[in-house]
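K.L.:
Structure provided below as structure tokens; questions to follow.
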Amino acid sequence: MDATLYNAGKMSEFVPAFQVRSPLTGDTFQCRFSHIHNGIAPRHSDTIDARFFVEGRRVIVGLAHTAFVAFRERAGRDLTDREASYLAAAFLAERLEQSDEHPILHVSHDDVLRLIAKLEIQ
């Protein structure tokens, strides 16, 4: 990504629906993004939570908030909700490729920063 992904449009449309195929099992997962919110209140975690539906089942991807702080210190700006949604979708896709299906996925500080670099968010 060369530019900031701004929060334009409906939140539920930040990330288009996508499919993930697991090379391990051959299963194909239908994924739909729902919304993003701060995980501190509902789950008592220091995360930014992105909610998806995978094959109709709710999945929460919790992004470590400390990585958002590190990004702000380095880049001089906050990550947008849309950018956070893309980070969560990328992590979810990685896990589903490994057939790692869980209702809550925690993304570590280091993994959030790795995904920021992978998606070229600056």
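The values are calculated or read from the model by the stated rules, or taken from the named source; none is laboratory data. Keep in mind that this is a model prediction, so the values were computed, not measured. Note: ideal-geometry Cβ built from the backbone for every residue, glycine included; neighbour counts use all protein chains shown.
K.L.:
Answer yes if at least one residue in region 45-55 is modelled with pLDDT under 90 and not charged (D, E, K, R), and no otherwise.
P.N.:
Keep residues of region 45-55 that are modelled with pLDDT under 90, which gives 45-46.
Right, trim to not charged (D, E, K, R) and you get 45.
Within region 45-55, one or more residues are modelled with pLDDT under 90 and not charged (D, E, K, R).
K.L.:
Only residues that are crowded, with 18+ Cβ neighbours inside 10 Å, over 11 Å from residue 116 (Cα atoms) and among the small types (Gly, Ala, Ser): list them for region 72-95, please.
P.N.:
85, 89, listed by residue number.
K.L.:
Can you go through 111, 78, 49 and tell me which one is within 25 Å of residue 10 (Cβ to Cβ) and not in a loop (DSSP other than H, G, I, E, B)?
P.N.:
49
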